[in-house]
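Undergrad: Before we start, here is the structure in question, set down as structure tokens.
The values are calculated or read from the model by the stated rules, or taken from the named source; none is laboratory data. These numbers were taken from a predicted model, which means no experiment stands behind them. Here the Cβ positions follow ideal geometry from the backbone for every residue, glycine too, while neighbour counts run over all protein chains shown. For the accessible areas, the whole protein counts, side chains as well, though only heavy atoms, and no ligand, DNA or RNA atoms are used. Shrake-Rupley method; radii C 1.70, N 1.55, O 1.52, S 1.80 Å.
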Amino acid sequence: MPPEGIPALLYSTATAVGYVFPLLIGTLMVTGEFRHKTLTSTFLATPRRGLVLGAKLVVGLVVGLLFGVLGVIAAVGPSAAFLAGYGLDTDLTSGDTWALLGRMLIAFVLWVWIGIGVGALIRNQVGAIVGVLVFTLFLEPIARLAASFVEGLGDVLRFLPGAASDALVGESILSAASGAGGPEPLAWWAGGLVLIAYAAVLVVLGHVVSWRRDVT
């Protein structure tokens with residue numbers, strides 16, 4: 001990889017590796033309430049359950065931005081120090097770098113919303129967490145690496161949530177590891193739309209299938 005591409009690759013580790021954390025946070029925001037039955041009093045005070053779920057999304061926006069800022073700082077700080085220590089350009093004065101960091105914040109928010117949808121759909125906290133970890137840490141990464149060797153598979157797998165997130169951000173360790181044989185990523189805006197679609201579908205399904213049921 002040329003030296004000019006290294007800063008963005010290092011900075012993007014906050015989302016390329018750390019996206020599972022906002023996803024889990026969003027999931028816990030909902031499943032924790034089912035587990036501890038705190039939703040019962042909320043639904044009694046506010047019978048309009050759609051409004052309650054909407055409020056979760058608003059809180060998720062704030063939480064996503066907060067953890068996004070922390071994730072960006074955690075990734076950019078050490079990476080910039082490492083680059084400067086080796087005499088490499090940190091690219092922190094580049095508008096493209098700041099655009100990448102902004103897209104990373106958007107990705108964090110969308111992952112929290114996806115987690116809220118998962119939590120609303122799968123009430124069981126243990127089941128939801130295990131499902132999230134298995135998919136994000138094993139199934140999708142293995143499938144995306146396999147796409148480098150199976151012709152045509154990458155055209156489908158680039159619509160997976162992790163691949164869409166990487167496309168939105170614009171850089172990813174996993175995409176770089178796939179090399180030239182990997183699938184052509186989506187445009188950044190298309191990746192964002194795919195993530196929004198995942199969040200919307202999961203939230204709507206969660207509301208229709210699970211959220212309106214009695215809390216037991």
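Undergrad: Need one word for segment 92-142: rounded, prolate or oblate. Basis is the Cα gyration tensor (sqrt eigenvalues a ≥ b ≥ c); a/c below 1.5 gives rounded, then a/b vs b/c decides.
TA: Numbers: a/c = 4.84, a/b = 2.12, b/c = 2.28.
Here segment 92-142 falls in the oblate category.
Undergrad: Taking 10 °C and 1.306 mPa s as the conditions, I'd like the Stokes-Einstein D for the chain in µm²/s, using the Kirkwood hydrodynamic radius from alpha carbon pairs. List each step's numbers first, then the result.
TA: On the way: Rh = 18.1 Å.
It diffuses with D of about 88 µm²/s by this estimate.
Undergrad: Still on this structure, I have one more. Starting from 0.36 nm per residue, how many nanometres of slack lie between Phe43 and Leu193 once their C-alpha separation is accounted for? Intermediate results must be reported in sequence, preceding the final value.
TA: On the way: separation 150, 0.36 × 150 = 54.00 nm, distance 3.15 nm.
Residue separation times 0.36 nm, minus the Cα-Cα distance, leaves 50.8 nm.
Undergrad: Could you work out the pair-distance distribution P(r) of segment 90-216 from its alpha-carbon pairs, with 5 angstrom bin width and percents rounded to whole numbers?
TA: Computed distribution, short to long bins: 2, 11, 17, 19, 18, 14, 10, 5, 2, 1, 0.
Undergrad: OK, next. Whole Å is fine, so just give me how far the alpha carbon centre of segment 9-86 lies from that of segment 130-172.
TA: One Cα centre to the other: 21 Å.
Undergrad: What value, in deg cm²/dmol to 500, does the helix sum -39500 (n - 2.57) over DSSP H runs of n ≥ 4 give at 222 nm once divided by the residues of the chain? Don't skip to the end; give the middle numbers.
TA: On the way: 12 runs with 153 residues, N = 216.
Helix-only estimate at 222 nm: -22500 deg cm²/dmol.
Undergrad: In nm, to one decimal, how far is the modelled label at Arg35 from the one at Val130, with both set 7 Å along Cα→Cβ?
TA: 1.3 nm
Undergrad: So, one more: Using the membrane-span-like helix rule (whole DSSP H runs, Cα extent along the own axis of at least 27 Å, mean Kyte-Doolittle hydropathy at least 1.6), which helices of the chain qualify?
TA: Numbers: long enough: 49-85 (53 Å, 1.92); 95-121 (39 Å, 1.55).
Helix filter hits for the chain: 49-85.
Undergrad: Further question: Looking only at Thr31, Thr42, Thr97, which one moves most when the chain is put into a Gaussian network model with springs between Cα atoms under 10 Å?
TA: Thr42
Undergrad: Using a 1.4 angstrom probe, figure out how much accessible area the chain has per residue, in square angstrom, rounded to the nearest whole. Working shown, then result.
TA: Working: 10890 Å² over 216 residues.
Here the residues of the chain average 50 Å² of exposed surface.
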